[in-house]
Amino acid sequence: MRKLLCLAALLTIGAAAVAQESAPRPAKPPRHFYKLTYVLKESDEGKVVNQRTFVVTGSTGDVNMIERYASRLRAGSRYPVRDEGKTNYIDVGVNLDTRLEEVAEGLAMDTTAEISSVGGESTTSGSAPVLRQVRTNAQAVVALNKSFVLFTVDDPASRHQFQLEVTAAPQR
């Protein structure tokens, strides 16, 4: 009798283990890829004086992941700055980091933009030049294949204004 009870217990435990292994795992949402076209416009008193276009691909994925799929774009130069006899380099230009998530209304975007440039003036003669910088984080839901203004910001050191537009298109 004791052997029969032990055998029944082992069979029950084994069946439970097999059932756990064969239980279907929740399906991960499929990754979809998008072409993101950014247009950065710089204007002076309403007149566009500079316009740059940046294109990067991004994807959606498992939104439960801490590090969702992010697209990163870096465009610029390394600018030398002399300090006490040695040269350090500072990155200037445009940095765009974007995370995407598909929602019923379109594509949810979390975009961090950093725009920096070297000013023409310096604080004192022979010292490092002034660096100008605009940083923002914009969150928006955009409709596919339609241009959307993520932000417009005034440069506090001049009469210039920066505007960043994005168009998201599914990649086929």
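Here, each number is a calculation from the coordinates, and none is a lab measurement. These figures come from a predicted structure and were not determined experimentally. We place every Cβ from the backbone using ideal geometry, glycine too, and count neighbours over all the protein chains shown.
Amide H contacts of Asp155 (H built 1.01 Å from N, in plane; Pro and chain starts excluded): His160, Gln161, Phe162 sit under 5 Å, all sequence-distant by 5 or more or on other chains. Summarising the amide proton neighbourhood of Tyr79: residues at separation of 5 or more, or on other chains, whose placed amide H is nearer than 5 Å comprise Ile90, Asp91, Val92. Under the combined filter of DSSP loop state and at most 16 neighbouring Cβ atoms within 10 Å, the range 72-172 retains none of its chymotrypsin sites (Phe, Trp or Tyr not before Pro). Scalar couplings 3J(HN,Hα) for the range 42-48, obtained by applying the Karplus form with A = 6.51, B = -1.76, C = 1.60 to θ = phi - 60°, are 10, 10, 10, 6, x, 9, 5 Hz; x denotes Gly and Pro.
Under the Kirkwood approximation for Rh and a Cα-based Rg, what ratio Rg/Rh is obtained for the range 28-170?
That ratio equals 1.05.
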